[in-house]
Structure formats: structure tokens, C-alpha cells
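What follows is calculated from the coordinates using simple rules that are stated; it is not laboratory data. Since the structure is predicted, the reported quantities are computational estimates derived from the model, not experimental observations. Note: ideal-geometry Cβ built from the backbone for every residue, glycine included; neighbour counts use all protein chains shown.
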Amino acid sequence: LTVGTFLNYSFPIGAWEGQLALAANYVSENPDYQYNPIIQTYSHDSILIARAGLSVRADSHWGATLFVDNINNEDGRVFQPGVSPIATTGPVALNYTRPRPRTVGVQVDYQF
């Protein structure tokens, strides 16, 4: 099960334009994922990743955004099928990934 949502709200800040953006994506746990029936069954955790951003556009060219990625600092393990080599003999190196930790940043942009 995968669910995603996005909210975007624009508002005036004097002569500038402000924008608040919130997004979240959820992937449910998969306890019985069978990567290769010869080997065994693998699983991955449920994952909820959220992002928030506050943007200010000074004019038609300049803007700045303060953002937070992975607000809840999700750390679940996800198995990525198709990335690991498939072997008919010997062990298979499995690829598990984790989301990037909570990240806070500022982005400044100029549009031509």
C-alpha cells in the first residue's frame, strides 16, 4: 500500500508572495516479499516520509525556501529488488536502503 498527499498554500507578504508546502508519502510494511524463491523471503519496514517548506518570492526572478526533509526522521529499512545481482549458486548480496536523515536547509533561486 502506498499513499501520498500534498498541500500547497499561497499568501501575500506585503509586496512579496509566500507559499507553504507540506507533503507526505507512506509505504506500508511488506513482511513477505519473495525476491528469489530459491533463496528465501525478505521484508521491508513501513515508511512515512514528510517534507515542509516555506517559500518567499521577492519578485518575478528571486525566491528563497526554508525546508525540512524527513521531518519525522524516518529510519526504516527498505529492500530494493532488481538492484542486487541474481545468483544461481552462492550467496546473493542484498541491497537495503534507508531514507536520508532529517535535513534542514535553505534554497535560494533566480529564474531567468
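A few notes on this one:
- You can think of it this way: the chain between residue 30 and residue 62 has 7.1 nm of extra reach, that is 0.36 nm per residue less the Cα-Cα gap.
- FRET E, pair residue 17, residue 103, Förster distance 30 Å, beta-carbon r, rounded to 0.05: 0.75
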